[in-house]
1. Between PHE20 and HIS60, what FRET efficiency comes out of the Förster formula 1/(1 + (r/R0)^6) with R0 = 25 Å and r the beta carbon distance, rounded to 0.05?
2. On a full-extension model of 0.36 nm per residue, what is the gain between PHE85 and PHE69, subtracting their alpha-carbon distance, rounded to one decimal in nm?
3. What is the gain in length, in nm to one decimal, between ASN10 and LEU27 on full extension, counting 0.36 nm per residue of separation less the C-alpha to C-alpha distance?
4. Under 25 °C and 0.890 mPa s, how fast does segment 8-86 diffuse according to Stokes-Einstein, given a Kirkwood radius computed over C-alpha pairs? Answer in µm²/s, whole number.
Amino acid sequence: MFGGDFTLWNLLWFIILGGFVGWLAGLAFRRRGFGCLGNVAVGVIGAVVGGLFFRLVGWHLGGVIGSLFTAFVGAVLLLVVVGLFKKR
């Protein structure tokens with residue numbers, strides 16, 4: 001997503017976009033968000049999960065929109081898996 005050198009600004013954008021993606025995933029999955037820190041956690045972990053998932057299936061989505069989509073899919077997958085274990 002960032003390319004080039006990793007800076008403090010890149011980390012800040014990663015956290016902000018992670019919060020946004022976590023909030024969107026919360027809306028899609030639970031019809032509400034998870035709070036500020038929860039949204040960031042779901043979005044950031046979802047970005048990692050989505051990146052691993054898309055790499056596993058051989059897809060690469062570039063650019064900011066591709067990164068947001070990848071993070072969103074990963075966040076939804078994360079919430080589905082957590083929901084499966086939580087109900088048991």
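1. Values: r = 22 Å, r/R0 = 0.87.
The formula returns an efficiency of 0.70 here.
2. Numbers: separation 16, 0.36 × 16 = 5.76 nm, distance 2.46 nm.
Result: 3.3 nm gained on full extension.
3. Details: separation 17, 0.36 × 17 = 6.12 nm, distance 2.55 nm.
Result: 3.6 nm gained on full extension.
4. Numbers: Rh = 12.2 Å.
Using the Kirkwood radius from Cα pairs, D works out to 201 µm²/s.
No value in this document is a laboratory result; all are computed from the given coordinates. Values in this document were obtained by computation on a predicted structure and should not be read as measured data. Don't worry about glycine lacking a Cβ; one is built from the backbone with ideal geometry, like all the others, and counts go over all protein chains shown.
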